Every structure is written in C-alpha cells, then in structure tokens.
1. Take segment B:1-46 and flag every residue that is outside any helix (DSSP H, G or I) and within 13 Å of chain A (Cβ to nearest Cβ).
2. Among the residues that make up segment A:103-111, is at least one of them surrounded by fewer than 20 Cβ atoms within 10 Å (Cβ to Cβ) and either closer than 28 Å to B:Asp15 by Cα or at the interface with another protein chain (Cβ under 8 Å from one of its Cβ atoms) (or both)?
3. Among (1) part of a loop (DSSP other than H, G, I, E, B); (2) within 11 Å of the chain's Cα centre (by Cα), where does A:Pro74 come up short?
4. Could you say which residue among A:Ala108, A:Ala146, A:Ala133 is among the small types (Gly, Ala, Ser), within 23 Å of B:Gly125 (Cα to Cα) and over 13 Å from the mean Cα position of the chain (by Cα)?
5. Would you mind stating whether B:Phe50 is among the aromatic types (Phe, Trp, Tyr), more than 21 Å from A:Ile134 (Cα to Cα), more than 14 Å from chain A (Cβ to nearest Cβ) and surrounded by 14 or more Cβ atoms within 10 Å (Cβ to Cβ)?
6. Taking segment B:117-148 on its own, how many of its residues are β-branched (Val, Ile, Thr) and more than 7 Å from chain A (Cβ to nearest Cβ)?
7. Which of the numbered conditions does A:Arg87 fail, given that it passes all the others? Conditions: (1) touching a residue at least 40 places away in the same chain (Cβ under 8 Å); (2) touching a Leu at 6+ places or on another chain (Cβ under 7 Å).
2 protein chains.
Amino acid sequence: MNAHDAVQLFAKTLDNLEKWMDKAEAHAKDRSFDVDVLVQARLAPDQYAFVRQVQATCDQAKYAAAYLSGKPAPSHPDTEQTFPELRERIRKCVSFLTTVSEKDFAGADERKVAPPWLGGRWLRGEDYLVHMAIPNFFFHATMAYAILRHNGVALGKMDFIGSFPTQEG
Amino acid sequence: MNAHDAVQLFAKTLDNLEKWMDKAEAHAKDRSFDVDVLVQARLAPDQYAFVRQVQATCDQAKYAAAYLSGKPAPSHPDTEQTFPELRERIRKCVSFLTTVSEKDFAGADERKVAPPWLGGRWLRGEDYLVHMAIPNFFFHATMAYAILRHNGVALGKMDFIGSFPTQEG
C-alpha cells in the first residue's frame, strides 16, 4: 500500500463516516431527539467529543495527503457545531484528497515529514504513514463510530469497512 | 507499506495494548475493584465486550500474517476470561507474527486471499491488506482502548501510537 492507496482508503472511510451519520440522523428522528445532541457526545469527560473526532479524522487524512505529496494543506478551521456543518467539513476534506494524484505522491516514502509538534525532528514519509497517519486516522474514525454506537445508533462492522473489491473464480 | 511492515505495525500495537492493560490494572488497584470486571465491559449491549475486542484484534493480525504469507494460522480458541489469559493470547499472537519473515511475504500483493466467510470469492492480497486487515485491526484495537477509556482508565493518544522512529537534523 503506497501513500496514494492510503489516502484513497481514508477517502473511502470518510464516505463511510457520512453513512454512519445518515444512520445517526435516522435514529434521532425515530427517537425524536435532535441529532445535533450527538455532536457533543463523548465516551469519557476528558475525551474529544464526536465533533472533534470527526475533525481529527479529516485532519489526519488531509495532512497525510499534504505532507506526503508536498502540497500545502488547505486551512479548515474547527468551527463546526451541527451535523450539516460536519458533513460540509468531510466533503471539503475529501475534495482536497481527490486533488492529490498518484503522481503527486512520487517519492513519498523518502520525503521529510516535519510536523510542527515534532519540534524540529522529522520522520521519513513511509514511517510517518505507517506509525502516525494510518493508526491516527483509524483511531479517530473508530472513536467517532464508537460514540454513535454507544448512543444507540445501529451500526455494524460492515458499515465501518464499506465496499471492498472481491474477485470471482 | 508492504505486508511485512503492516504485520510489524500490528505487533507493535499489540505490545501497546498490553500497556493499556497495565494502566487498567493500576486503575483497578487504585480504585479497589477486580480488573477482570473490565473483561466483560462493552460500549453497547449488542457490541463485543473487551475480551472479544482483544481476541478480534489478535485474529486480524494473525490472519493477515497467515493469508499474506501462505503460512497456516495457528489455532487460538476464544477461551480467555481474565487479564492474564488475555495477555497470554496476545503473547501467542505476537510470537506467531514474529515467525513470519519478510521473505515469507514475497508476492503477498498478488496472493489469492479467500477467507471462508467470502463464500468462494477472494481478494488480491494487497486489497485484503488495504480494505480488510488494516481497518479491521485498528477498529478492534481502538474499541478495546475505548472500552478501557470509557471505564476511567487514564489513556492518552500516545499510549495508542506507542514508539515511532524520528530523525534529527
């Protein structure tokens, strides 16, 4: 799996996340509560709420695409407070991901990735993908899913995985 | 990231999982409850409990190593009921992962992966890694983490990520 495959996987998973939100909306309607209550839901008082998990999922994908291609990451301020705003955030992120082509990721494995929080140190592009981007992305995506699941949304594993390319014969 | 890198990442994350369990044990001791209560903890009544999340995390890693190398997967029956038994399960899994060498994964991308639940269909090895093994592994690892977090264990993101190879200069 190269950087381009990883970013495609992130884009697919962000599409899946929107479908979990569809199910959350149907659940809220069915139970007559305002779905935006879930925006502030969390699993522990000192943990990111759903809104921040979605923002972090998007940002892990965005920065992976930017750092590994050398393209600048667009600014997406964390201002969302509703489901429609979170959907818009996801769409903006996926749109950016689709602008980064396979060719843009040439040499990604050996790129120097120096996020500001590393304070001057850096990771090889491949190490960043393996040790940071992939675990972090799936961490936040799963936490977003877990918060909805904990609040009664009827999600199952195949909602998490989404489509996958099988072969016959 | 090739199949070998992915399996190494799974092994590292399973080592991290044992450290989350260390923190759970310290928390239980501090609060004077039996840590094995957490074995059956879950986030929703129809969701896998902690025990099953740990077993599934191990199995995703085990089957990825087996399917992508062509080595038979050892049988690890789901009999664990305590923290020490779950640690033993993790150790057995990681031991198996370390027996599969980089050479064993030669040609992994093009291997036919046909898990029984696909009912005769199959995935290319690389598609299996990208679309099934990686998302599934991190899904269950994060759920195990989330269940502990929800029950008051003081875990932070760096506990999830563990060590990573930075460079200087």
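Derivation of every value follows stated rules applied to the coordinates shown; laboratory data play no part. Note that the structure is predicted; figures quoted are calculated from it, not measured. FYI the Cβ positions are ideal-geometry reconstructions off the backbone, even for glycines, and counts take in every protein chain you see.
1. Quick first cut of segment B:1-46, residues outside any helix (DSSP H, G or I) only: B:1-2, B:31-34, B:41-46.
Within segment B:1-46, B:Met1, B:Asn2, B:Ala41, B:Arg42, B:Leu43, B:Ala44, B:Pro45, B:Asp46 qualify.
2. In the first step, residues of segment A:103-111 are kept if they are surrounded by fewer than 20 Cβ atoms within 10 Å (Cβ to Cβ); the result is A:103-104, A:106-107, A:109-110.
Among the residues that remain, those that are also either closer than 28 Å to B:Asp15 by Cα or at the interface with another protein chain (Cβ under 8 Å from one of its Cβ atoms) (or both) are: A:109-110.
Yes, segment A:103-111 contains a residue that is surrounded by fewer than 20 Cβ atoms within 10 Å (Cβ to Cβ) and either closer than 28 Å to B:Asp15 by Cα or at the interface with another protein chain (Cβ under 8 Å from one of its Cβ atoms) (or both).
3. (2)
4. Numbers: A:Ala146 fails: within 23 Å of B:Gly125 (Cα to Cα); A:Ala133 fails: over 13 Å from the mean Cα position of the chain (by Cα).
One residue alone meets the criteria, A:Ala108.
5. On the way: among the aromatic types (Phe, Trp, Tyr): yes; more than 21 Å from A:Ile134 (Cα to Cα): yes; more than 14 Å from chain A (Cβ to nearest Cβ): no; surrounded by 14 or more Cβ atoms within 10 Å (Cβ to Cβ): yes.
Criteria not met by B:Phe50.
6. Going through segment B:117-148, the residues β-branched (Val, Ile, Thr) turn out to be B:130, B:134, B:142, B:147.
Among the residues that remain, those that are also more than 7 Å from chain A (Cβ to nearest Cβ) are: B:147.
Number satisfying all stated conditions: 1.
7. (2)
Results for (1) in contact (Cβ under 8 Å) with a residue 24 or more places away in the chain; (2) part of a helix (DSSP H, G or I), shown as yes or no for each residue.
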| residue | (1), (2) |
| --- | --- |
| A:Trp117 | no, yes |
| A:Leu123 | no, no |
| A:His131 | no, yes |
| A:Ala141 | yes, yes |
| A:Ala144 | yes, yes |
